[in-house]
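Here is the structure we will look at, set down as structure tokens.
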Amino acid sequence: MEIKGKVLAKEGAPIEGATVMVVDGPGSWSDMAAITSKTGEFSLDVNEAGVFKVSVFFNNQSKNYSLEPSSKNQEIVFK
């Protein structure tokens, strides 16, 4: 299972180089993080279904989001 997504600026442009980290959720997930690509995309492998709390860190700011494993990219607008 994967949590897949795309981090976007509020204007809709992809954000490259943001850190996306699981901070809470079901199962084992310690030290699970990814860096967004040029297109703002990331993927995190998880062992269980459920809702995961994910933090996005970029330019000395962080925001939290709730995401579930999905085969499709979930858009995260980083405001």
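Bear in mind these aren't lab numbers, they're just calculated from the coordinates by the rules spelled out. On a predicted model such as this, the values are computed, not experimentally measured, just so you know.
Quick notes on this structure:
- GNM result for the chain, Cα springs below 10 Å: residue of ALA49, ALA18, ALA34 fluctuating most strongly: ALA49
- Residue separation of GLU11 and PHE57 scaled by 0.36 nm, minus their Cα-Cα distance, works out to 14.8 nm of gained length.
- Gaussian network model of the chain, springs between alpha carbon atoms under 10 Å - residue of PRO69, PRO26, PRO14 with greatest fluctuation: PRO26
- Derived scalar couplings ³J(HN,Hα) [region 57-71; Karplus, 6.51 cos²θ - 1.76 cosθ + 1.60; whole Hz; x for Gly, Pro]: 10, 7, 6, 6, 10, 9, 9, 9, 9, 10, 10, 10, x, 7, 7
- Among (i) 20, 13, 10; (ii) 18, 15, 12; (iii) 27, 17, 10, the entry that matches semi-axes √(5λ) of the Cα gyration tensor in Å as calculated here: (i)
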